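In what follows, a structure is listed as structure tokens, so that the remarks can point back to it.
The values are calculated or read from the model by the stated rules, or taken from the named source; none is laboratory data. Since we're looking at a predicted model, the values are computed, not measured. Reconstructed Cβ throughout: ideal geometry from the backbone, glycine too, with neighbour counts over all protein chains shown.
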Amino acid sequence: MNRAREAGLDLVEVDSNGNPPVCRILDYGKFKYEQAKKEREGRKHQRATMVHEVRMRPRTGQHDIELKVRTAERLLAEGDKVKLSVMFRGREMSHPEVGHDVLQRALQKLTDVAGVEKPPGMEGRFLSVILTPTVKKPVAAAKAPGASDGGAPGDQPEDGPDGGSSNGDQPEGAPDGDQAAPAAGEAPTEPASTTDAVMPEPATTGSTNES
């Protein structure tokens, strides 16, 4: 206690069940603030589990039961609990076995994805059971390293050793095979014209020599 007073801090009992009890000298206000901050951070990463109710009737047909089962499967896949209920009206309460049969048919289709948290029981006019998911939500597959959105690596042409493409195509602007390239130091020769050259005719004079 004297050391705590000298330091201006608090003497806090950490473990009262220890022999002897464990105490720490600290700032109690700061300690409580850090504890509350840790609890808030932990609650941020927790997802509140919801309970969704899926209702049926004793006269619900097989096709409608399958629709209700698919709805329950979707909710269970999202990580929520499902409450399956059969609602009775009027004289239907005198034949609860019909509602039990409808509920059991639905439960048989959900045995692979759900577990029974609360067994079937009557709650007023409702026969209900609470299911909890047993299969975790699948995680999306990670993208393979090195893969790109531009297509497969083999789709892009590769440059050959002479700068052209390796698929045998001739690069644009290259001379044709029939035309030989000029030798070093020689001026390129123009191709001969295919049309015959027209020679000009000599001009005639208008006067003649008189004898």
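Exactly one condition in (1) touching a residue at least 60 places away in the same chain (Cβ under 8 Å); (2) closer than 17 Å to residue 122 by Cβ is not met by residue 51; state its number.
The one condition residue 51 does not meet is (2).
Anything in the stretch 26-52 that is in a strand (DSSP E or B) and surrounded by 14 or more Cβ atoms within 10 Å (Cβ to Cβ)? List them, or say none. Spell out the reasoning first.
Kept after step one, since they are in a strand (DSSP E or B), are these residues of the stretch 26-52: 26, 51-52.
If the condition is that a residue be in a strand (DSSP E or B) and surrounded by 14 or more Cβ atoms within 10 Å (Cβ to Cβ), then 26, 52 are the ones that fit.
Among residues belonging to the stretch 81-114 that are assigned to a loop (DSSP other than H, G, I, E, B) and either surrounded by fewer than 14 Cβ atoms within 10 Å (Cβ to Cβ) or hydrophobic (A, V, I, L, M, F, W, C) (or both), point out the one that is farthest from the chain's Cα centre (by Cα).
Once the filter is applied, the top-ranked residue is 95.
So for the stretch 115-128 (the condition being touching a strand residue (DSSP E or B) at 6+ places or on another chain (Cβ under 9 Å), within 18 Å of residue 70 (Cβ to Cβ) and either surrounded by 16 or more Cβ atoms within 10 Å (Cβ to Cβ) or not assigned by TED's automatic domain parsing to the domain that holds residue 57 (or both)), does at least one residue qualify?
Filtering the stretch 115-128 for residues touching a strand residue (DSSP E or B) at 6+ places or on another chain (Cβ under 9 Å) gives 115-123, 125-128.
Next, from what is left, pick out any that are within 18 Å of residue 70 (Cβ to Cβ): none.
Looking for residues that are touching a strand residue (DSSP E or B) at 6+ places or on another chain (Cβ under 9 Å), within 18 Å of residue 70 (Cβ to Cβ) and either surrounded by 16 or more Cβ atoms within 10 Å (Cβ to Cβ) or not assigned by TED's automatic domain parsing to the domain that holds residue 57 (or both), one finds none in the stretch 115-128, hence no.
Scanning for something under 29 Å from residue 117 (Cα atoms) and free of Cβ contacts under 8 Å to residues at least 24 places away in the same chain, does the stretch 73-82 turn up at least one residue? Let's see the steps before the verdict.
Taking the stretch 73-82 as the starting set, the residues that turn out to be under 29 Å from residue 117 (Cα atoms) are 73-82.
Filter once more, keeping what is free of Cβ contacts under 8 Å to residues at least 24 places away in the same chain: 74-75.
Yes; the residues of the stretch 73-82 include at least one that is under 29 Å from residue 117 (Cα atoms) and free of Cβ contacts under 8 Å to residues at least 24 places away in the same chain.
Do you know which residues across the stretch 123-132 are assigned to a strand (DSSP E or B) and modelled with pLDDT of 90 or more? If you could, list the steps in order and put the result at the bottom.
Within the stretch 123-132, the subset assigned to a strand (DSSP E or B) is 123, 126-132.
126, 127, 128, 129, 130, 131, 132 - these are the residues of the stretch 123-132 that are assigned to a strand (DSSP E or B) and modelled with pLDDT of 90 or more.
Being among the β-branched types (Val, Ile, Thr) and surrounded by 14 or more Cβ atoms within 10 Å (Cβ to Cβ) is the filter here, so list the residues in the stretch 53-80 that pass it. Spell out the reasoning first.
Within the stretch 53-80, the first condition is being among the β-branched types (Val, Ile, Thr), and the residues that meet it are 54, 60, 65, 69, 71.
Hits for the stretch 53-80 are 54, 60, 65, 69.
Can you confirm whether residue 40 is in the same structural domain as residue 96 (by TED's automatic domain parsing) and on the phi < 0 side of the Ramachandran plot?
Taking the combined requirement at face value, the residue does not satisfy it.
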